Each structure stands twice: as structure tokens, then as C-alpha cells.
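Chemist: Okay, here's the structure, questions in a sec.
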Amino acid sequence: MKLQTNPIKQYLMIAFAFVLVLSCKDNVQTTNSAELEACKKKIEAYEKEIKELKAKIADADEDKGRTPNNIIQSDFAKKIYHLYNDREDLINEVVGKDGAGDPFKATRSLFYDINDLEEYIRYVKIKSRKARERPSGFRFYFALYPEDYIRNKEDKRYANRQTFFIAPTKAVKDAAGNIEHLGYTLDNNFTVELLTEKIGLDSRMDKDGNLQKASFFNFSTMLEDEENSLIANELTGSPPKGKQ
């Protein structure tokens, strides 16, 4: 068990130790050899104590807030996971076959490598800083791969499969003064573009997968080579899975 101490007292102890070390070092040239040796030992002892206190503070900082508010228990995770089973069966029945002709298995999980996820977050922060925008968070959008989707070479197993893409969010006030966190990306000039306008998230598609005329969809931007896109999908190259 780690020793729990008051952080303020710890910082004061370190400051006090630093003062004593500096005071001792200032007097080194005015002391005799015996006093010099004693002073060196004091310095070594205080430096050791400072190192130990720093380690304790680092441990305390690491412990503090270790359990986020959104952590759930495994029993509840099990409950809500299996509540989706009926919907999964319905999806499997409606879709029927995957792109390879095998029985379809609805998406139940996706894997993202932690390093790739951290790299994506850094990328978003760097790009957004150039646009003078500070992300308020991230939004995950449910999506569906088209029926002719081929992931790698001839691999058609992920056609018609559910997935999601990620985009950073911008805090925006609505007409009533409420804060909404809207997904955004950047154009080639580092101008912020809200996804509600960029890809028509407020619109609906017809049965052929075409956006209705009333949408905000901008066809010209889709043909553009977007150098600063902040939208991520399959960060690690790992596709959505069935039961995993």
C-alpha cells in the first residue's frame, strides 16, 4: 500500500529541503574540512529525501482520479451487451449473407490499438491548433460499409457490416443557449467544417443510398483530396467483428 500524505506538506518539505541544500552549498567555501564533510552528507541526505518525496507525489498524482466516473461494473456490461442479442439476430436475418456469401454476423465489437488511438488524438490536436480550434471531445458515428466494400484485396466479408467513424467535436451554442458538441473536420486551408454540413448528418438517405435533395451535402468537397481530414475509421486496420 502506498503511503498517503498531504500533497501540500510534501511540497513544503521539498521546498524546505531545497533551501537547506542551497544554504549548505553557499557555505561550502567558508567552512573547514570537517564542516565541509558534514555539509556534503547533509546534502546527500536531503537530495535522497527530495527524490523519495518526488516519487511519493508522483504516486499520489497517479492514484488521484484513477477511477473515472464512467467506469461500469462487469455485471452491468454483461446485461446491456446481451440486451442487444435480439437486435443482432434481427440484423443477421435481414442482411442474410456477407460479401463472401457466408451467413452474416452483426458487428458486436471493434478493436483499436492504444498507440494508434493516442497518435490519432495527437494528430487531431496538432491539426486543430493550426486551425485555432480546441476540440471539446470526440463523437463516434455509426455507419455501414457498402455492399461492394472490399477491405483487403479480395476480402469481401465486411461488406454490409456496421462500423463507426470518429471525429473531434466543437462546442457550439444553439438558439436556446445550450451547448452542443458537433463533429468537425478541416479543409485544406485549415478552416473548420462541421460534419452536419460537410457530410449531411442532418439529412436522410433514400432506399438507394442517395442523399435527399433537402440535405446539406456538398458534392464538390467529396471530390477534393482532403489533406487535413480529422475523420478516422479502422485506425489499426482491424475491422468490426461479430462476437469477440
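A quick yes/no check of all residues on (1) among the β-branched types (V, I, T); (2) over 35 Å from the mean Cα position of the chain (by Cα); (3) modelled with pLDDT of 75 or more; (4) closer than 30 Å to S109 by Cβ:
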site	(1), (2), (3), (4)
M1	no, no, no, no
L20	no, yes, no, no
S23	no, yes, no, no
T31	yes, yes, no, no
D61	no, no, no, no
I71	yes, no, yes, yes
I80	yes, no, yes, yes
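Chemist: Between I150, I121, I126, which is surrounded by 10 or more Cβ atoms within 10 Å (Cβ to Cβ) and modelled with pLDDT of 90 or more?
Modeler: I121
Chemist: What is the number of the single condition among (1) closer than 29 Å to R151 by Cβ; (2) in a loop (DSSP other than H, G, I, E, B) that A77 does not meet?
Modeler: Against the list (1) closer than 29 Å to R151 by Cβ; (2) in a loop (DSSP other than H, G, I, E, B), A77 comes up short only on (2).
Chemist: Still on this structure, please answer the following. Quick check on this structure: which one of T191, T169, T196 is open to solvent by less than 40 Å² (accessible area, probe 1.4 Å), among the polar types (S, T, N, Q) and over 15 Å from the mean Cα position of the chain (by Cα)?
Modeler: T196
Chemist: Same structure, new question: Assess whether R157 counts as being out of contact with any strand residue (DSSP E or B) (no Cβ under 7 Å at 6 or more places or on another chain), open to solvent by 60 Å² or more (accessible area, probe 1.4 Å), over 14 Å from N233 (Cα atoms) and modelled with pLDDT of 90 or more.
Modeler: For R157, the condition - out of contact with any strand residue (DSSP E or B) (no Cβ under 7 Å at 6 or more places or on another chain), open to solvent by 60 Å² or more (accessible area, probe 1.4 Å), over 14 Å from N233 (Cα atoms) and modelled with pLDDT of 90 or more - is not met.
Chemist: Next question, about the same structure. When L194 is evaluated against the numbered criteria (1) in contact with a Lys or Arg (Cβ under 6 Å, 6 or more places away or on another chain); (2) free of Cβ contacts under 8 Å to residues at least 40 places away in the same chain; (3) not hydroxyl-bearing (S, T, Y), which criterion, by number, is the only one it fails?
Modeler: In the conditions (1) in contact with a Lys or Arg (Cβ under 6 Å, 6 or more places away or on another chain); (2) free of Cβ contacts under 8 Å to residues at least 40 places away in the same chain; (3) not hydroxyl-bearing (S, T, Y), L194 misses (1) alone.
The values are calculated or read from the model by the stated rules, or taken from the named source; none is laboratory data. All values derive from a computational prediction rather than experimental measurement. Neighbour counts are summed over all protein chains in view; Cβ atoms, including those assigned to glycine, are modelled from backbone coordinates with ideal geometry. Surface areas here come from the heavy atoms of the whole protein model, side chains and all, with no ligands, DNA or RNA. Shrake-Rupley method; radii C 1.70, N 1.55, O 1.52, S 1.80 Å.
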